[in-house]
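Since every read-out is calculated from the coordinates, none of them should be taken as a lab result. These numbers were taken from a predicted model, which means no experiment stands behind them. All Cβ positions, glycine included, derive from the backbone under ideal geometry; neighbour counts span all protein chains shown.
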Amino acid sequence: MDQSRIRNFSIIAHIDHGKSTLADRILQLTDTVADRDMREQLLDSMDLERERGITIKAQAVRVAWKGHQLNLIDTPGHVDFTYEVSRSLQACEGAVLVVDAAQGIEAQTLANAYLAIENELEIVPVVNKIDLPSADPDGAAVEVANLLGGDPDDVVRISAKTGVNVDQVLDAIVERIPPPAGDRDAPPRALIFDSSYDQYRGVIAFVRVVDGRFETGAALRAMALGTEFDAEELGFMSPSRVPVQALEAGEVGYVITGLKDVSALRVGDTLTTRKGVAANEPVPGYKDVKPMVFAGLFPTDSDDYPELRDALERLKLNDAALFYEPETSQALGFGFRCGFLGLLHMEIVRERLEREFDLDLLVTAPNVAYRVERRNGETVEVHNPADMPRELERVEEPYIKASVIVPKDHVGAVMELCNERRGRFDHMEYLSEERVLLAYELPLGEIVLDFYDQLKSRTRGYASFDYDMAGFREGNLSRVDILVGGEQVDALSLITHRDFAYERGRLLVERLKEEIPRQMFDVPIQAAIGARVIARETVKARRKDVLAKCYGGDISRKRKLLEKQKKGKKRMKQVGGVEVPQEAFLAVLNLD
Ligand code: GDP
Ligand code: MG
C-alpha cells in the first residue's frame, strides 16, 4: 500500500468511556467483521478482559476505509497499564481520544492525553455516548478543547453504541492524522510492540515496520538480544491472521518466528535483516519500566513449583513489565518474588496464572521497593520486607505524583484521605464549575494499602485517580515483624512509617486473630519491632473436635467431613504448627 494512504492510530480513553465499543463499531462499519459474526468487545479476547470489562493487551487490527489502510491499536485504559499504552502509542502517528459525554474528562483521560502529546501524536478528540439522556456533549467538548487547545466544534460527537457519526471518526482519522514517515529504501527495521505465543507456531511478534521492507521467508535478527530466525509467515490481523508476502515501511502486522523459546524475543526490540544491508541503529526502544509493587507468589501445593516457574516465563513474554525471581520463605517454602506495575497488574497476573495455567497460589501482601543504605555506605534495593536489614543508615521509598478528579463536594474527603496517607498537597484546579483536580505527592507504600478502595468509598465512587512515579525519597521507616505461635512469619513482616508502626502492628494482630482458625492449642500472635513486642493477641484453643459429632456415627459421613475440611484447607499454609489461611497474608490491606 502507498505509504501516503496508511494511518496508524490508537484509541485512548478513561476506563468505561467506550474505547472497546468504538473499536467494535469500526470493525463493523469497515466490513472487517460481518454483522452476523459481531459479538461485543471483539478485540478484548482474553476471558479475563471480557469479564472485567477492561483491556489488558494491546491488539492491532487492520481495516480499510475509503481507499486507505487504517491500523487500529487498541490500548488499555487503566492506571496500571500506562506502560502498555506508551508501547502502542510508539507504533502510531495519531490517537483518537474518547471522552464520555456524561462524565467529561477524568484522571486517565488526562494521563492518556499527556502520553499522546509526549509521543507527538495528532489527537482526534471524540465525545461518546451522546445517546445517553444524561449526556452533555457540548460541556464535554469544551472540556476537551480546553485540554488540547482547539475548537469545540472540531470535536466529533458520536454514540459508539448506536453507531451514530462513527463514520466521521474514520474520516477525521484519514484527514487529520499524518501518514507514516519511514524510508522504504532504507535497511529494514521493525519495532516489536507486542508478542504472543502460539502452541504450534511459536513466538509471534507484532511489529510496526519503520523502514524498508520485510519478505516472507527472510532471514531476520532481533538487534538487542541477537536472536536469529527466519520469518515463517508475515501478515496482518483483520481481526484474525491474514498472511501477506511482504510488510513495508509504515505498515503494522505480525511475524511468525517459529521460535519456541519465549525468552528469545523481547518487546521493544528491533528486527532487521541478516542478509544484505542490515540496519545499524535500532528503533529507539521503550523506556524500561521498573516494577514498584512486589509480592510473594507461592504454590499452595509445593509440588507445583516447576509449573509456576514455567507459567511465569510464559506470561513474561507478552508482559514485559512482569518481574520475578525465586524466593524462599521460611513460612511458605519455595516461590517467587514478583514485581508489578501496580495492584491491578498484580491481581491480573495472579488470575491469569490461576485460570490459564490452573495453579493454586498463595499471595503475600504487596509492598513497594525500598532503597537502603547500609552502614558500610553500600546501597541495595529491597523488594521484600523480610530482607530489610534491621541496622539501617538511611531508607528511601518511592513517591508518586497523584491526580484525583472529583466533584467539588468531595474535595474535603479526598484531602482528608491524602493527609492520613502522608500526602503533601501540591495544587488544586477547577476543570469546570463542578469538577476539581487535586494534585498530591504521596508515598507509593501508602497507595498499595487499599488507597484506591478508600478513595472510591469515601467519594461514593465519583473520584478518578491516576499517578506518575516521582522518584525516591528518604523516609522514617520501621520494620514490624509478626510472630505466630512464637515463630516469626517472614511473609507477614511489613515496612511502615515509624509514626504508624504501633497502630498498624496492633490492628494487624487483631485482624490476624480473626483470620487464623482455632487450633488444638492456644496460639499467641505478636507484633514486634526488633526484639520489642508491641502488640499481642491469642487465638484460643478450640474446645470441640469437629469429628466428635461423628463418633459412633457412620464412617462415610466422617469421610465426607474430612474431605470438606481438606477442600477448605486448599488455601492454607502450615506455618510452624499452625494452619494460616490466605486471607491472613492479606490482612494488612484492610486495617482501617
Ligand atoms: P472501555 O473501557 O473504554 O473499553 O469502554 P467499553 O467500550 O467497554 O464501554 C463501557 C460501557 O459503556 C459498556 O457498558 C458499553 O456498552 C457502554 N457504552 C459504550 N459506548 C456507548 C455509547 O455510545 N452509548 C451508551 N449508552 N453506552 C455506551
Ligand atoms: Mg475496553
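What the table below lists for this structure:
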quantity	calculated
The range 250-255 - phi-based ³J(HN,Hα) in whole Hz, Karplus 6.51/-1.76/1.60, Gly and Pro as x	x, 8, 10, x, 10, 10
Percent of beta bridges antiparallel (DSSP, the range 77-219, rounded to nearest 5)	50
Under the Debye formula (equal points on every Cα, no solvent term), log10 I(q)/I(0) of the chain at q = 0.05, 0.08, 0.10, 0.11 Å⁻¹	-0.26, -0.65, -0.96, -1.11
Cubic angstrom per residue, convex hull over Cα atoms of the range 284-355	93
Relative contact order of the chain, pairs being alpha-carbon contacts under 8 Å that are 6 or more residues apart, as %	10
Proxy reagent accessibility, fewest Cβ within 10 Å first, across 425, 465, 323	425, 323, 465
Quotient of Cα Rg and 2.2 N^0.38 Å for the range 243-380, N being how many residues it contains	1.34
Solvent-free Debye scattering, log10 I(q)/I(0), computed from the Cα coordinates of the range 371-474 at q = 0.17, 0.18, 0.21 Å⁻¹	-0.77, -0.83, -1.02
Packing rank of 344-356, 512-524, 480-492, where each peptide gets the mean count of other beta carbons within 10 Å, highest leading	480-492, 344-356, 512-524
Bridge type composition, the chain - antiparallel percent by DSSP, nearest 5	85
Summed residue charge, Cβ within 11 Å of residue 431's Cβ, Lys/Arg positive, Asp/Glu negative	-3
Theoretical ellipticity at 222 nm over the chain - DSSP helices of four or more residues, -39500 (n - 2.57) apiece, nearest 500	-7000 deg cm²/dmol
Entries of 408/456; 290/401; 19/129; 19/408; 260/316; 161/408 with Cα pairs more than 21 Å apart	19/408; 161/408
Relative packing of 111-118, 470-477, which averages over residues the other C-beta atoms within 10 Å, highest first	111-118, 470-477
For 263, 195, order by how many other beta-carbon atoms lie within 10 Å, fewest first	263, 195
